[in-house]
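Read the structure below first, then the notes.
Values quoted throughout were computed directly from the atomic coordinates according to the rules given, and no laboratory measurement underlies them. It should be emphasised that the depicted structure is a prediction, and the values quoted were computed from it without experimental measurement. Cβ: placed from backbone, ideal geometry, glycine included. Neighbour counts: every protein chain shown.
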Amino acid sequence: MKYQCMLRIGPAAFRIGSAWAEPIEALRRLYALYPQPQDAIADYTVRLEPAGVGRRCWRPSVRIAGDHMLPDAAPMALRHGLLAVEMGMNLQMALGWRRHLLIHASSVEKNGRALVMTGESGSGKSTLAAMLGERGWRFMGDEFALIDCATGMVHPFPRLVSLKNRAIEAMRDEVANADRFGPLMEATPKGDIVHLVPPESAIARMVEPAKPVMLLFPRYGFPLDQRPVGQGEAFMRLTQASTNYVALGEQGFQALHRFVSGVPALAVDYEDGEQAISAIDALWEALP
Amino acid sequence: MSARLLVEALRDPSSVRLWNAKAWNGVISAARAERLLATLAHRLDGADVPEPVARILADACLDAERDKQIALWEADRAMAVLAPLGIRVILLKGAAYAAAGLKAGEGRMIGDLDILVPRARMDEVEAALFGAGWEWVKPDPYDDAYYRQWMHELPPMIHRERDRMIDVHHTILPLTARRTPDAEALIVDAVELLGGLYVLSPEDRVCHAVAHMLADGDLAGGLRNLWDIKYLIEDIDNIFELKSRAALHGLSSHLNMARRLAAHIYEGSERPLSLREQLIRDRLLGRDGWGKESNKLLGLGFYIRSHWLRMPPLMLMRHLWTKWRKGHRPV
């Protein structure tokens, strides 16, 4: 491919190729602090290709391709190229990763102990993790929490935070340094999106795992409320939130079983971020 | 060209000692695209590879092991449904290689479960599978009618709880194809395995793999099929028996071509290839350093050829017209 770069996020290494210069330039700027892959060898290749004959120049349209692909993925506009890369990398992890149990969840850490938050898109798990990451917690990831099947520890996957719609303004209030934000991508298939570079220390500590001690199911847009979630329910919801639970077979079952047996789980409804953060602080203080 | 490096490594595992990161990245992508990564892992077992590569290969082996386990379980489930009807389950392709413990099965990724049953019993088989939790994948009336009238298999079915597909064949090439293998002979000469499942005889396994690769389809995944063929031929004691079996099925020229291609690509034979074989070789080895098909036009050519092989011209035109109206476009 004409333009390319490599980068490492947590334990995974990517090679990104593109028919256009712009997405690669944006990636280089936003991922500047990230390390390079060991021995320059990538676990996965992601390709941004023209979606049809001539579509490199004429109404440029991106097809997300790579080692793992979805056959019927819709092409994207070139101005949403950074999102295309993000979706391409997510897809490689979701379909290919086998070294941990992969849970669609955000996570943050304090004193070696991790808080894991999972929920549907729009639940606010990503925004909450980003906010906590600016307020004394270590940001570990907004998309995937990687559970070590042998030790039960959570490993970080601190890629760029993908801020959507109202989360964009919320984080602009939180983060003073404008250089940490990527370009505004309007009207993507997922709404307006801006990428945020995680705090430098979160990137520097991207291979440092933490022991999970609390699992939250946040839900945005409902009056403040919380209730404990039983182990059975947590287990079932996490199997749905995991992309490789089935592929890992018995060791996936063992890892998830161990996780829900050892980590207390709560569902938290909230109406705004500050409210959720106070609730989380209170829950965290009450931990043994 | 990463596919060329990939076959070089499969042929001679020691060749990877000289590879740089660029070569590895290209080969890993090409091997994933060709579904040969776990096969490569098995070939390179014990070789001195960089640490990140070793991790990637270990993951691939794990996936292949899981595929095998699932395939054998699906075969067992199909047998549980069909054995009471007195119908033998003859496994085809990947599941057969795994069940029979063949060298071709080492590190082979396995997708759907393919089985062969007598054509006269297809209705019973269909009803029994339906009663045991399998259902249609494509509820399109045209496709359904097309499969039933012209194909060598039922429309694909999927198990509603286990989410795994089964293809029930009554022969090994579409009924519209130029060649008509002897399906009855395939079934009569199938070999029983310990546990009650069946696989084709060693000669028929080669014939099926050859027919699948060269007399049907557009050669997508052909590098893997050819790798199967190379090992399946190694299991043959008497090459003359294989030749007469291929003649019985009308596949002599295909067998010869497959042997020449396998020798050329996987054994480094210097014997010159015919023009047609060179085109097939270029198609098989057409992966660039990003795992991408490097010659789209050649790919399209083989896609068109695959239809040409499958049906007579008038029928092809009617088929393409129907599919076009339904919104189908070649990639």
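Within 10 Å of each residue's Cβ, count the other Cβ atoms and sort A:Arg47, B:Arg260, A:Arg159 from fewest upward. Could you put the intermediate results ahead of the total?
Numbers: A:Arg47 23, B:Arg260 18, A:Arg159 27.
Ranked by crowding around the Cβ, least crowded first: B:Arg260, A:Arg47, A:Arg159.
With 26 Å as the limit, write out which pairs from B:Lys93/B:Lys243; B:Lys243/B:Lys292; B:Lys103/B:Lys138; B:Lys103/B:Lys243 have Cα-Cα distances beyond it, or answer none. Show your work: numbers first, answer last.
On the way: B:Lys93/B:Lys243 20 Å; B:Lys243/B:Lys292 36 Å; B:Lys103/B:Lys138 34 Å; B:Lys103/B:Lys243 21 Å.
Over 26 Å apart, Cα to Cα: B:Lys243/B:Lys292; B:Lys103/B:Lys138.
Quick one: Cα centre-to-centre distance for the stretch B:166-240 and the stretch A:152-181, in angstrom?
Going from one Cα centre to the other spans 54 Å.
How many partner chain Cβ atoms sit within 10 Å of a residue's Cβ in peptide A:98-108, on average, as a whole number? All intermediate terms of the calculation are to be shown ahead of the outcome.
On the way: counts 9, 5, 0, 0, 0, 0, 0, 0, 0, 0, 0.
Mean number of neighbouring Cβ atoms from other chains: 1.
What list do you get for B:Met79, B:Met165 if you sort them by fewest beta carbons within 10 Å?
On the way: B:Met79 19, B:Met165 16.
Placing the least packed residue first, the sequence is B:Met165, B:Met79.
Treating cross-link reach as a plain straight distance, find the aspartates and glutamates whose alpha-carbon is under 16 Å from the alpha-carbon of B:Lys68, omitting any fewer than eight places away in the same chain.
A:Glu250, B:Asp59, B:Asp76, B:Glu106, B:Asp112, B:Asp114, B:Asp163, B:Asp228
Which angle from 0 to 90°, rounded to the nearest 10, does the C-alpha axis of helix B:222-234 make with the longest principal axis of chain B?
90 degrees
Can you tally the net charge around A:Val62? Count Lys and Arg as +1, Asp and Glu as -1, for every other residue whose Cβ sits under 10 Å from the Cβ of A:Val62.
Summing Lys/Arg as +1 and Asp/Glu as -1 gives +4.
Place a +1 charge on the Cβ of each Lys and Arg in the protein assembly as shown and a -1 charge on the Cβ of each Asp and Glu, then give the dipole magnitude about the Cα centre in debye, rounded to the nearest 20.
About 1780 debye.
If you plug each phi of the stretch B:72-82 into the Karplus form 6.51 cos²θ - 1.76 cosθ + 1.60 with θ = phi - 60°, what whole-Hz ³J(HN,Hα) values come out, in order, with x for Gly and Pro?
5, 5, 4, 4, 4, 5, 5, 5, 4, 7, 8
Which chymotrypsin sites (Phe, Trp or Tyr not before Pro) from the stretch B:73-146 combine a DSSP loop assignment with at most 11 other Cβ atoms within 10 Å?
When the chymotrypsin sites (Phe, Trp or Tyr not before Pro) of the stretch B:73-146 are filtered for loop state and at most 11 Cβ neighbours within 10 Å, nothing remains.
Relative to the longest principal axis of the C-alpha atoms of chain B, give the angle of the C-alpha long axis of helix B:275-284, reported between 0 and 90° and rounded to the nearest 10°.
That helix lies at roughly 80 degrees to the long axis.
Could you derive backbone 3J(HN,Hα) for the stretch B:88-94 from the dihedral phi with the Karplus parameters 6.51, -1.76 and 1.60 (θ = phi - 60°), listing whole Hz in sequence and x where the residue is Gly or Pro?
6, 8, 9, 6, 10, 6, x
Nearest 10 degrees is fine. How inclined is helix B:296-310 to the longest principal axis of chain B, computing both from alpha carbons?
Relative to chain B, helix B:296-310 is tipped by roughly 30 degrees.
So which of B:Lys296/B:Lys323; A:Lys2/A:Lys125; A:Lys125/A:Lys190 end up more than 27 Å apart, counting from Cα to Cα?
As for pairs spanning more than 27 Å Cα to Cα, those are A:Lys2/A:Lys125.
Can you compute the modelled spin-label distance between A:Arg56 and A:Ala150, with each label point 7 Å from Cα toward Cβ, in nm?
Between A:Arg56 and A:Ala150, the simple spin-label model gives 4.5 nm.
Taking beta carbons within 10 Å but only from partner chains, what does the mean come to for residues A:63-76?
2
Set Lys and Arg Cβ to +1 and Asp and Glu Cβ to -1, take the dipole of the stretch A:47-150 about its Cα centre, and tell me which of A:Trp97, A:Met87, A:Leu115 lies farthest positive.
Of the candidates, A:Met87 comes out farthest on the positive side.
Across the residues of A:38-50, average count of Cβ atoms on other protein chains within 10 Å?
5
What order do you get for B:Asp167, B:Asp48, A:Asp142 when you list them from fewest to most C-beta neighbours inside 10 Å?
Neighbour counts put them in this order, fewest first: B:Asp48, B:Asp167, A:Asp142.
Mind giving me the nanometre distance, one decimal, between the label points for B:Leu298 and A:Arg172, set 7 Å out from Cα along Cα→Cβ?
5.2 nm
Taking θ as phi - 60°, what are the ³J(HN,Hα) couplings along the stretch A:210-224 by the Karplus curve (6.51, -1.76, 1.60), each to the nearest whole Hz, with x for Gly and Pro?
With the stated coefficients, the stretch A:210-224 comes to 9, 8, x, 10, 8, 10, 10, 10, x, 9, 8, x, 10, x, 3 Hz.
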